[in-house]
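The next block holds one structure in the form of structure tokens; read it before the comments.
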Amino acid sequence: MLSIWFDDEHEWWINGKAFDRLFESAVDRGQVPATLAHYQHVANANGGLSFDLIEREVAAVLKDGLLAQAAIDHTAVKDADPSTWDGSYRVSLERLLGLFEKSGK
């Protein structure tokens, strides 16, 4: 499990495999620039990632890119059975999207 801290109010716990899937999808589809791809490895190596420790502009690009890709990927797996890998990924994406939906940030 990884702990992704976007800020003091938004922590997302995610399975490392699901995080990798989202991050790689975001890089592959241009939501996150390839020059920032190393942050995936930073998160995996450290058991998570705190966006407060990253330059503000870089953190904003990562956050916006991951959220945008999460919305796209969620649409692709929205009907997946929860007992499948796609269904588990869907639940992870819903948790991420729900963090920001509730706060409006």
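The values are calculated or read from the model by the stated rules, or taken from the named source; none is laboratory data. Being a predicted model, the structure only gives us computed values, none of them experimental. Glycine also receives a Cβ, built like all others from the backbone with ideal geometry; neighbour counts cover every protein chain displayed.
The table below gives the values:
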quantity	calculated
Any hit, region 51-68, residues being crowded, with 18+ Cβ neighbours inside 10 Å and aromatic (Phe, Trp, Tyr)	yes
Output for region 55-102, where each listed residue is out of contact with any Leu (no Cβ under 8 Å at 6 or more places or on another chain), aliphatic (A, V, I, L, M), farther than 21 Å from His38 by Cβ and part of a helix (DSSP H, G or I)	Ile72, Ala76, Val91, Leu99
Residue list for region 1-42, restricted to those being in a strand (DSSP E or B) and of a type in the set (D, E, K, R)	Asp7, Glu11
Residue list for region 69-86, filter: of a type outside the set (A, V, I, L, M) and either modelled with pLDDT under 95 or loosely packed, with under 15 Cβ neighbours inside 10 Å (or both)	Thr75, Lys78, Asp79, Asp81, Pro82, Ser83, Thr84, Trp85
